[in-house]
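Engineer: Just passing along the structure, written as structure tokens.
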Amino acid sequence: MQNYIAKFINNMNQIKEKKAATMYENVMQQYEQVANFIELNHNIKKILGITNNEIVVNFPVKMDNGEVKIFTGYRVQHNNALGPYKGGLRYHPTIDVNDARALAMWMTWKTSLAGLPFGGAKGGIQLDPRDHSLAELERITRRFTYALGENIGPDQDIPAPDVNTNPQTMAWILDTYMSTKSPSSRSLNSHVVTGKPVGSGGLEGRDRATGFGVFLCIKLYLASQGESLSGKTFIVQGFGNVGQWASHFMVEEGARMIAVQDAHATLYHAKGIDPAALQLHSAPRKGSIAGFTGAEEIDPSTFFGLACDILIPAALGNQIHLDNAGSIEARLIAEGANGPITKDGEEILLERNIPIIPDILCNSGGVIGSYFEWLQNRHGEIWSLEEVMQKIEKKLTENYRKVEGAVQEHGVDWRMAAYLIAIKRIELAYTQRGIFP
Ligand code: GLU
């Protein structure tokens with residue numbers, strides 16, 4: 001029996017490692033392809049091909065039942081040539097150093113493409129938040145923050161929400177970080193994290209910024225084809241912050257959400273699912289959409305093959321791959337998640353002429369919002385929702401146009417265009433400054 005369990009655990013570990021390696025492999029393959037295309041300086045290629053720092057912390061936390069449990073947390077800092085490291089923290093059973101590496105690298109490209117004064121990082125804790133009470137999550141978050149110590153900071157590395165973390169998580173990080181400072185400098189540190197609740201220095205509109213950006217990119221793309229969102233059908237994978245807000249804006253503009261999938265259920269309704277009603281249903285159920293009566297539950301394996309105009313993957317990485325890319329019926333894919341399509345999946349989609357608005361552009365509304373929050377805190381200002389949304393729209397539209405221009409100029413796909421702008425900007429910074437010493 002014991003042998004059997006050991007073998008099972010070993011198999012599970014192998015499966016997990018294979019999956020994690022695939023996401024990292026994906027980002028490295030993309031990097032290699034772009035570096036060759038732009039003939040990236042070979043020395044700079046070496047620098048951007050590795051991560052600057054990889055912090056792994058094991059820390060103890062007392063559970064509600066008095067038992068002490070050890071957790072493993074990560075923060076991978078890929079590159080800070082353009083400014084302090086920036087990127088989210090995710091709480092998920094599958095996060096590990098390999099995933100964090102891939103996600104940190106994507107953050108470097110994202111902030112560079114967005115024209116922000118930030119580098120890239122990502123991290124998180126290996127856990128399933130559904131297994132913990134709010135009090136436990138608070139203690140875990142605070143102890144993780146304490147363990148990270150000076151590896152984070154308003155001018156060093158600025159975390160933000162990501163999968164399964166939210167403004168409350170950021171408020172705990174902020175409070176813990178500030179509490180370790182001397183009283184006179186505490187209030188100077190509110191921009192150590194972004195995505196905070198509005199009452200704690202957060203930015204009006206940061207909650208919807210990522211989903212709004214996804215919607216805006218889709219709208220701009222359709223407009224360039226002489227089309228609008230009115231009457232279009234879309235399907236969404238993931239009904240977290242990004243999926244909820246993207247579908248909200250899409251429906252507001254006249255599109256119809258005909259299917260939505262999360263880890264618990266896949267829902268379909270040809271006449272359209274109401275995102276507001278679904279959100280009211282899922283919120284008290286730890287985010288699960290299962291059991292919603294405003295749609296029919298269907299077989300999860302049929303999701304990607306549903307006929308629709310737009311597909312928004314807004315869950316985890318590597319969801320669209322060799323085995324399912326061929327079945328996708330959507331006319332456009334807008335990446336709300338980070339890395340939802342593997343390299344081989346993408347090749348199939350491009351061959352089939354299905355355009356993909358890549359994650360580093362499509363979901364960059366979030367980090368653009370984060371930048372405004374950071375600025376607002378730095379300057380001691382408070383901006384209105386209207387002002388923030390206008391700023392995000394302006395910045396993202398400019399970035400969208402840059403990528404659109406590069407697609408036309410170089411005759412490449414959208415991901416390649418976005419990457420080449422992002423990487424060239426960092427290359428220029430290194431070329432101008434040289435390498436110390
Ligand atoms: N986690 C988000 C992302 O992947 C936001 C990062 C941030 O605002 O720093 O882009």
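Bear in mind that the values in this text are calculations on the coordinates, not laboratory data. Only a predicted model underlies this, so the values are computations on that prediction, with no experimental measurement involved. In this analysis, Cβ positions are derived from the backbone assuming ideal geometry, glycine residues included, and neighbour counts consider all displayed protein chains.
Engineer: Say the dipole of segment 43-91 comes from +1 at the beta carbon of Lys and Arg and -1 at that of Asp and Glu; which of 68, 58, 85 then lies farthest toward its positive end?
Structural biologist: Farthest towards the positive pole: 85.
Engineer: Per residue, what volume in Å³ does the Cα convex hull of segment 77-195 take up?
Structural biologist: Values: hull volume 11.0 nm³, N = 119.
In segment 77-195, the Cα convex hull volume per residue is 93 Å³.
Engineer: If you count, for each residue, the other Cβ atoms within 10 Å and average over each peptide, how do 411-424, 264-277 line up from highest to lowest? Let's see the in-between values first.
Structural biologist: Numbers: 411-424: 21.1, 264-277: 17.1.
Highest to lowest by the protection proxy: 411-424, 264-277.
Engineer: Between residue 33 and residue 150, what is the FRET efficiency for a Förster distance of 35 Å, r being their Cβ-Cβ separation, to the nearest 0.05?
Structural biologist: Numbers: r = 37 Å, r/R0 = 1.04.
Calculated transfer efficiency: 0.45.
Engineer: While we're here: Of 86/286; 45/110; 86/110; 45/395, which sit over 19 Å apart, Cα to Cα? Walk me through the intermediate numbers first.
Structural biologist: Details: 86/286 27 Å; 45/110 17 Å; 86/110 10 Å; 45/395 28 Å.
Exceeds cut-off: 86/286; 45/395.
Engineer: Here's a follow-up. Placing +1 on the Cβ of each Lys and Arg and -1 on the Cβ of each Asp and Glu in the chain, which of 188, 388, 133 has its Cα farthest towards the positive end of the resulting dipole?
Structural biologist: The residue sitting most towards the positive pole is 188.
Engineer: Say R0 is 35 Å: what FRET efficiency, to the nearest 0.05, do residue 390 and residue 185 get from their beta-carbon distance?
Structural biologist: Working: r = 33 Å, r/R0 = 0.94.
Working from the Cβ atoms, E equals 0.60.
Engineer: Continuing with this model, one more query. Enumerate the amide H contacts of residue 55 below 5 Å, restricted to partners 5 or more residues apart or on another chain; note that Pro and chain-start residues carry no placed amide H.
Structural biologist: Hits under the 5 Å cutoff: 75, 76, 77.
Engineer: Among bridges DSSP assigns within the chain, what percent are antiparallel (round to 5)? Present the calculation step by step, with values, prior to reporting the outcome.
Structural biologist: On the way: 22 of 44 bridges.
Antiparallel bridges: around 50 percent, rounded to the nearest 5.
Engineer: Right, something else. What residues have an amide H closer than 5 Å to that of residue 90, excluding those fewer than 5 places away on the same chain, when H is modeled at 1.01 Å from N in the peptide plane?
Structural biologist: Close amide H contacts, sequence-distant or interchain: 123, 124, 125.
Engineer: To the nearest 20 debye, what charge dipole does segment 389-429 have about its Cα centre, counting +1 at the Cβ of each Lys and Arg and -1 at the Cβ of each Asp and Glu? Working shown, then result.
Structural biologist: On the way: 8 positive and 6 negative charges, 43 e Å.
I would put it at about 200 debye.
Engineer: Put a dot 7 Å past each Cα toward the Cβ at residue 293 and residue 227; how far apart are the dots in nm?
Structural biologist: The two pseudo-label positions are separated by 3.6 nm.
Engineer: What FRET efficiency, computed as 1/(1 + (r/R0)^6) with R0 = 45 Å and r the Cβ-Cβ distance, is obtained for residue 65 and residue 271, rounded to the nearest 0.05? Write out the running numbers ahead of the final one.
Structural biologist: Values: r = 47 Å, r/R0 = 1.05.
About 0.45, to the nearest 0.05.
Engineer: Separation of segment 405-437 and segment 187-201 by C-alpha centroid, Å?
Structural biologist: Here the answer is 32 Å between Cα centres.
Engineer: Find the centroid of the Cα atoms in segment 23-68 and in segment 242-319, then give the distance between the two in whole Å.
Structural biologist: Cα centroid to Cα centroid, the span is 31 Å.
Engineer: Please report, in debye to the nearest 20, how large the charge dipole of segment 323-437 is about its Cα centre when each Lys and Arg carries +1 at its beta carbon and each Asp and Glu carries -1 there.
Structural biologist: Numbers: 13 positive and 18 negative charges, 103 e Å.
Rounded to the nearest 20 debye, it is 500 debye.
Engineer: If each residue's Cβ is checked for other Cβ atoms within 10 Å, how do 45, 122, 395 rank with the fewest at the top? Could the numbers behind the result be given before it?
Structural biologist: Details: 45 17, 122 31, 395 20.
Least crowded to most crowded, the residues run 45, 395, 122.
Engineer: Additional query: Charges only on Cβ, +1 for Lys and Arg, -1 for Asp and Glu: so what's the dipole of the chain about the Cα centre, in debye to the nearest 20? Each step should come with its number before you reach the end.
Structural biologist: Details: 42 positive and 47 negative charges, 204 e Å.
In debye, rounded to 20, the chain gives about 980.
Engineer: Let me ask you something else. Mind checking which of 423, 406, 434 is farthest towards the positive end of segment 393-437's charge dipole, using Cβ charges of +1 (Lys, Arg) and -1 (Asp, Glu) about the Cα centre?
Structural biologist: 434
Engineer: Between residue 347 and residue 139, what length comes free when the chain is fully extended (0.36 nm per residue of separation minus the Cα-Cα distance, one decimal in nm)? Can you show the working numbers first?
Structural biologist: On the way: separation 208, 0.36 × 208 = 74.88 nm, distance 4.40 nm.
Full extension from residue 347 to residue 139 adds 70.5 nm.
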